[in-house]
Amino acid sequence: MDRESLLHLIESDRNSHIAFLQEVVQAPSPNPPGDTTQVASVISKFLREKNIPFDTLVYKDECPNIVSEFSGAAGTGPRVAMNGHMDVFPVGNDHSGWKHGGPWSGYNDGNAIYGRGTVDMKAGTVASIIAYAYLYSLRDKLKGSIALSVVSDEETGGRHGSRWLLDTSKEQWGGDCMINAEPGGLQSVRFGEKGSLRMTFTIHTKGAHGAYTNLAEGANFMAIRLINELKSVESIRPTDLPPTVHDYLQRPEVRDTINTIMGQGAADNVLVPTLNIGVIHGGLKVNMIPEQCVFQADIRLPIGLKAETVLDHIDTILLSFPDVSYTIQREASNPASFCDANHPLAQTMANMAEEVTGKRPVAIPGLGATDCKFWRYKGIPAFVYGVSPQSMGTENERVLIEEFLSVVKVHAITVLEYLSTR
């Protein structure tokens, strides 16, 4: 089957693809708590109906990982990994702002599918599974092999999902290169992403009654001073970024693409660390000067900047704050990652995306984290091509049906082309 025939087949099956996505969205999988057993059951049913062999690998009972693999019969070639996650952002207790029956409706208004996780990343995961199913049916025509991993625990660190699978068997589930459908926008192929440094700061100082502000500054006011000082981390610049990558990211077409997909100003944030402060806990009563304050900081690290450089900067700041200590949230802290944007798989993906959408995507890094980082940490090139991130994690999160189907097509014909020509 050639590409044109496969694209025609995918289009003719569009109603079944939409129905499968709706069924996946209707299976709640918020993380936390991270229980993906319902959605795993839906995906397992799909694979069984397609007579595709698969296994369920479990590190934690409520966090199953569905895996499948096959070898092509047309000769030796590279091993392509396809990966997506089942867990999604939590939704909270108030669903009154959701249209169409709440966050798990999977409602189809003819233009979009609604529900939590449609964008991040059930549409992408379903697209990869569907593409894999088509490729499995064409295995006699393919060289090399394909490994599919549909995982849990992406939203909270990957300890029970992708990271565990790769630590258990890099050769089996890592492959020679990886394709992922996280929300990235049809205008881009993402070859890297920022890292994260998640920290908890604790201030212990002298407290007092609120009427006696002469006796103590108070932990909360000290936290305000410290947070203002911590903003200076955003002045640090990468020291280990290859000049060719730096220059590439300054190109007008690259900056325009980043700003279009991620919002105006995003291109300015790609090469700088950014600081976000989480909920501050300090004090029991308004008429008391609190003696303790705790807050969390989320620092996003651009490619080329190591966490140690930022921590050295913070340690210098804290010389003026002897009452402050911090801990690093290791599970939520990961280095930035990137790979060669000109890798043959990335080029093939760009070619196929242009064929499907009429517009050639631009290679860019992302601001948010994906499981691709675990492949890149092990030296395996990993690339993202997925739906628009617009509405991700919001009330009435929704994915455009045509974008979803475009991702199905691009992933399927990318791997078909890559494993037919290598």
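The values are calculated or read from the model by the stated rules, or taken from the named source; none is laboratory data. Not measured: the values here are computed from a predicted model. Quick reminder, even Gly has a Cβ in these numbers, built from the backbone with ideal geometry, and neighbours come from all protein chains shown.
Would you be able to tell me the number of residues in the stretch 1-37 that are under 21 Å from the mean Cα position of the chain (by Cα) and without any contact (Cβ under 8 Å) to a residue 40 or more places away in the chain? Adding up the residues that qualify gives 3.
Of everything in the stretch 378-407 that is among the hydrophobic types (A, V, I, L, M, F, W, C) and under 26 Å from residue 338 (Cβ atoms), the residue that is surrounded by the most Cβ atoms within 10 Å (Cβ to Cβ) is 382. Under the condition of being crowded, with 17+ Cβ neighbours inside 10 Å, on the phi > 0 side of the Ramachandran plot and at pLDDT below 95, the residues counted in the stretch 251-307 number 1. For the stretch 344-368, the candidate set comprises residues that are closer than 30 Å to residue 298 by Cβ and not aliphatic (A, V, I, L, M); within that set, the residue that is nearest to the chain's Cα centre (by Cα) is 368.
Could you check the stretch 339-364 and list, in sequence order, the residues that are farther than 19 Å from residue 7 by Cβ, touching a Phe, Trp or Tyr at 6+ places or on another chain (Cβ under 6 Å) and not aliphatic (A, V, I, L, M)? The one that is farther than 19 Å from residue 7 by Cβ, touching a Phe, Trp or Tyr at 6+ places or on another chain (Cβ under 6 Å) and not aliphatic (A, V, I, L, M): 339. Would you please name the residue that is nearest to the chain's Cα centre (by Cα), looking only at residues in the stretch 259-271 that are in contact (Cβ under 8 Å) with a residue 60 or more places away in the chain and closer than 19 Å to residue 298 by Cα? So, considering only residues that are in contact (Cβ under 8 Å) with a residue 60 or more places away in the chain and closer than 19 Å to residue 298 by Cα, the one nearest to the chain's Cα centre (by Cα) is 262.
The one condition from (1) touching a residue at least 24 places away in the same chain (Cβ under 8 Å); (2) surrounded by fewer than 17 Cβ atoms within 10 Å (Cβ to Cβ) that residue 56 does not meet is (1). With respect to the stated conditions, residue 227 is under 30 Å from residue 202 (Cβ atoms) and modelled with pLDDT of 95 or more. From the list 402, 395, the lone residue that is touching a Phe, Trp or Tyr at 6+ places or on another chain (Cβ under 6 Å) and over 23 Å from residue 255 (Cβ atoms) is 395. Residues in the stretch 190-204 include at least one that is under 30 Å from residue 292 (Cα atoms), surrounded by fewer than 16 Cβ atoms within 10 Å (Cβ to Cβ) and in contact with a strand residue (DSSP E or B) (Cβ under 9 Å, 6 or more places away or on another chain).
Going by the conditions given, is residue 390 of a type in the set (S, T, N, Q) and in a helix (DSSP H, G or I)? No, not satisfied.
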